[in-house]
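Undergrad: The following block contains the structure, expressed as structure tokens.
Coordinate-derived values only; no laboratory data. The structure displayed is predicted, hence computed values, not measured ones.
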Amino acid sequence: MGDIAEAIAVYAQPLLDQTDGSAEQVNRAFALGQLCWNLALLPEEGRDDALGKMRSTLNMDEDEFEAFRCSVVVPMIRRHQEMFPRMHRLGLMEPSRGAPAPQTRPTTPARAKK
């Protein structure tokens, strides 16, 4: 296993510990870990918006979703911040002011059919 995969597995361990070990539950735990990892990388003000958009896909009412957010998502975001503090330094995930603007990839015209 590579270093990144190992770090993700260690990060997701609390979620994995709550499974019965079946492939289905382990896959769900890793998917939830990935969701929390990605949320942790978002700017704080964008997390609630992203989570709100996901609520309908999780088939939870408001109370269930709030309990899920408080008992799983928030602790996993905190865990990410503690395990990977350098990823959360102010402005780390944003391009630097001196960085060149991203280049768009040139498009090629569609070929004419013969």
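Undergrad: So what J values fall out for segment 18-28 if you push phi through Karplus, 6.51 cos²θ - 1.76 cosθ + 1.60 with θ = phi - 60°, rounded to Hz, Gly and Pro as x?
TA: 8, 8, 8, x, 5, 4, 4, 6, 5, 4, 5
Undergrad: I've got another one for you. Hey, what does the equivalent ellipsoid look like for segment 3-88, semi-axes from the Cα gyration tensor as sqrt of 5 times each eigenvalue, largest first, whole Å?
TA: 20, 18, 10
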